[in-house]
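In what follows, a single structure is set out as structure tokens and then discussed.
Derivation of every value follows stated rules applied to the coordinates shown; laboratory data play no part. All values derive from a computational prediction rather than experimental measurement. For neighbour counting, all protein chains shown are included, and Cβ atoms are generated from backbone atoms with ideal geometry for every residue, glycine included.
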Amino acid sequence: MEDAIAICKEALQKRPEETTTMCLLADLYHTHHGPQKALHLWQAILLELSSNNVCANTSIDRGFAGVHILRAGRLRRAGSDDNMGSVLSSMYNASAKDSAGSDPQGYLASQQARPHLSALVRCWLQIAKCYRELGRHADCLASIEEARSLNSSAGIVSADVECSAGMLAGAQGYHDEAQQRYDHALAIDPSHSPSLIQVGVGFLRDGLLSNAETVLKQAVRNDPYSHEAWAHLGTTMSKLGSVAVGEECYIAALDLESSVSACPDWPETELLL
């Protein structure tokens, strides 16, 4: 991954205005160097877009797609490992089918709506994430409100914004408010994986293991590249007594972790592997 960072830096020396590369570099920095350095990069991307008066949805989407490709490669390599067994293959193969599932129109509508979120909204939400992880809750809230305001001006209601608000409330210990935000996000987009993960974590925290299993399995089907979903599902399955399945989930999570943001709240991972 350090090679990928070096390649991105070299590319930016040649074309410093290229937001696609900046998005990928910011995500890589978040993984390897933490939220502080990633914050500076997302702020630079925001300034670049604002100074050019550009709402570069396509460019930002390509940046996120680059990260998605990295995650896909990691999952496919994990799936080729005999130790991964049935969990990876069944959930990965079922993901597209189950996402379209019984509500194909809703699924298509949610997928078509995402590209229309402005580049500025995406930047503000990434900045909010960095602030939240740094414990700067007031700045996080201000960033979320900037994203919400931009969406409102365009008549857009976003599950991403509601989920970000829920995660901030959860970080502050307001779990009931957080749950309300996640419920609102899922009312907007029932397949919204980040919200499903947080709902599953809430069930896990409260000891409602069967509920947690159901929700987290759905989150994995919707986004098989989410190391957080796999990790929390691993904890759930282990607590339910399915230790072998839990270990497979942990292996998937740990393999994917290097291509996504670090997840510091895995206190049971090392104990169960």
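Details
- Ordering Val161, Val243 from the fewest to the most neighbouring beta carbons within 10 Å gives Val243, Val161.
- Taking the inverse of the mean reciprocal distance over all distinct Cα pairs, the Kirkwood hydrodynamic radius of region 120-189 comes to 11.7 Å.
- Sum of side-chain charges, Glu162 neighbourhood, beta-carbon under 12 Å (Lys, Arg +1; Asp, Glu -1): -2
- For the pair Lys37 and Leu134, label points projected 7 Å from Cα toward Cβ lie 1.5 nm apart.
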